[in-house]
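The values are calculated or read from the model by the stated rules, or taken from the named source; none is laboratory data. Just so it is clear, the structure is predicted and the values come from calculations on it, not from any experiment. Ideal geometry is used to build each Cβ from the backbone, glycine not excepted, and the neighbour counts take in all protein chains shown. The area values use the complete protein model at the heavy-atom level, side chains included, leaving out ligands, DNA and RNA. Shrake-Rupley method; radii C 1.70, N 1.55, O 1.52, S 1.80 Å.
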Amino acid sequence: MYQTLVTQLEAGVLAVTINRPEKLNALNKEVMDDLFSVVTEIETNPEIKSAYITGAGPKSFVAGADISEFVGLSQQEAAELARRGQNVFSRIERCSKPIVAAVNGFALGGGCELSMSCHFRLAAENARFGQPEVNLGIIPAYGGTQRLVQLVGKGRALELILTGNMIDAQTALQWGLVNHVVPQDELLAKTRSLLELIGTKAPLAVGHCIKAANAVYDETQNGFETEVSSFAACFGTEDMREGTSAFLEKRKAQFAGK
Ligand code: COA
C-alpha cells in the first residue's frame, strides 16, 4: 500500500516505519506522499487509535529532506517543495489522533522537523537532533524555524539553526525537545505503552485536547475560546456521560468514541 513506509497495526496503535535505511530514511517525494496518505489512514480507520513514526535501522530516524532532489530547483519549485513539506507536517500536527515520534537515531533537517510536527517525542540514547541546513546554503523550511522556537525557545533554536550543530538525546531532554530518553531496544515498547494508555481514554476528548493545544500557535484562533468550545463539545458526547458515570459508580469507563 505504501512505497516507502512499513505499517503495522497492533492493539489500536499503528506503527509507521520510514523504510529507506540505505539513505538514512531521507524524505524524498515518495516518503512525503506516503506520510500524507498515512495520516488519512490514521484519521479514517476506526481501528487506529494512535500512531508512532520511527525510522528503519538502528542509525537514523530521518537524516533530512532528500538533498538529491534539491539539485536544479528554481525558486518557485523550492517554494512549492517547502509548502508541500509544511502541508504534510501540518496534517500530522492537526491529526485528531495522537501521532508520536520514536526517534531512533539521526533526526536532522526535515527529520527534526518531522519529529516536531508529532504531538510529542521519545528518543533512543543514540538519537541526535539538528538543523544542518545552513551547511547547504539553505534554511529549515518544513516548519523548523517555527516549531523549534515553539518547543525550545528562540535562543536555543537559533543556536541549533545557525551553527548546524547536533545535540544529543540528553541535551534534547534537557531542552524539552523530547519527553523521554530510553535505550534503543526499549524505545518502541515505551512509545507503545504511552499510546496504549492514551488509548484507554475518551477518544473524542483526546482529539479536542490536541486541537486546543495546537490553538496556542494559531494566530487565527483565540486558544482560550477554542478550549471553551472543545470543553462544551465534550458535553454532547456519550463518552462524557460514560466517563462521569463510571467515576461515580466506581467502575472503569469503557469509551466508545461517540
Ligand atoms: N539526503 C539524501 N541522501 C542522504 C541524506 C539526505 N539528507 N542523508 C544521508 N543520505 C545518504 C548518503 O548520501 C549516503 O548515500 P550513499 O551510500 O548512496 O552515498 C547514505 O545516506 C548514508 O549516509 P552517509 O553520509 O554515508 O552516513 P554517515 O554515517 O557517514 O553520516 C550523516 C550520517 C547523517 C551525518 C550524514 O549522512 C549527513 O550529514 N546527512 C545529511 C544531513 C542533512 O544535511 N540533512 C538536512 C537536509 S535538508
- Would it be correct to say that Ala205 is touching a helix residue (DSSP H, G or I) at 6+ places or on another chain (Cβ under 8 Å) and in a helix (DSSP H, G or I)? yes
- Message: So the check is Cβ under 8 Å with 6+ separation or different chains; which pairs have a first residue in segment 127-138 that's more than 10 Å from the ligand (Cβ to nearest atom) and a second one that's of a type in the set (D, E, K, R)?
- Response: Ala127/Asp168
- Task: Quick one: Ser68 ticks every box in (1) more than 16 Å from the ligand (Cβ to nearest atom); (2) surrounded by fewer than 17 Cβ atoms within 10 Å (Cβ to Cβ) except a single one, so which number is it?
- Result: (1)
- Got a sec? Which of Ile138, Ile92 is open to solvent by 10 Å² or more (accessible area, probe 1.4 Å) and β-branched (Val, Ile, Thr)? Ile138
- Search result, residues across segment 1-10 that are touching a Leu at 6+ places or on another chain (Cβ under 9 Å), open to solvent by 20 Å² or more (accessible area, probe 1.4 Å) and not hydroxyl-bearing (Ser, Thr, Tyr): Gln8
- Message: Anything in segment 120-135 that is over 19 Å from Phe70 (Cα atoms) and open to solvent by 50 Å² or more (accessible area, probe 1.4 Å)? List them, or say none.
- Response: Glu125, Asn126, Arg128
- Search segment 63-91 for residues that are at positive phi and pair each with any residue that is among the small types (Gly, Ala, Ser) and within 11 Å of the ligand (Cβ to nearest atom) when their beta-carbon atoms are under 8 Å apart and the residues are at least 6 apart or on different chains. Gly64/Ala26; Gly64/Gly109; Gly64/Gly110; Gly64/Gly111
- Restricting the search to segment 216-258, which residues are in contact (Cβ under 8 Å) with a residue 12 or more places away in the chain, farther than 30 Å from Leu151 by Cα and either outside any loop (DSSP other than H, G, I, E, B) or open to solvent by 100 Å² or more (accessible area, probe 1.4 Å) (or both)? Glu238, Asp239, Met240, Glu242, Gly243, Gln254, Lys258
- Message: If Gly105 meets every condition in (1) away from the ligand (no atom under 12 Å from the Cβ); (2) under 16 Å from the mean Cα position of the chain (by Cα) apart from one, which number is that one?
- Response: (1)
